[in-house]
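One structure is given below, encoded as structure tokens.
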Amino acid sequence: MEDLRRAEWRTSTYSANGSTCVEVAGSLPGVVAVRDSKDRSGPALVFARDAWRAFTAGVRAGEFELARA
């Protein structure tokens, strides 16, 4: 389990008021952590940096867009 006490969290600039989004901590060695901004003391998901880069590249490329009916 990662020690997230030193994590420097940031909220997406797309968030309306900073409290209805996810927060990402890229300040940890070798991993990226993600948590719900509405539950900051709750659980966080932790990804290897390469996995996070692949995911964000897929988001930018539209790989996860839902088909519209």
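The values are calculated or read from the model by the stated rules, or taken from the named source; none is laboratory data. This structure is a prediction, so every number in the text was calculated from the model and none was measured. Using ideal geometry, Cβ is built from the backbone for each residue, glycine included, and neighbour counts are taken over all protein chains shown.
Scanning the range 28-37 for residues that are surrounded by 11 or more Cβ atoms within 10 Å (Cβ to Cβ) and either within 9 Å of the chain's Cα centre (by Cα) or not hydrophobic (A, V, I, L, M, F, W, C) (or both) turns up V32, A33, V34, R35, D36, S37.
Residues in the range 32-44 that are out of contact with any Cys (no Cβ under 8 Å at 6 or more places or on another chain) and more than 14 Å from R5 (Cα to Cα) were compared, and the one that is modelled with the lowest pLDDT is K38. Candidates are the residues of the range 20-30 that are closer than 12 Å to R6 by Cβ and of a type in the set (A, V, I, L, M); the one that is modelled with the lowest pLDDT is L28.
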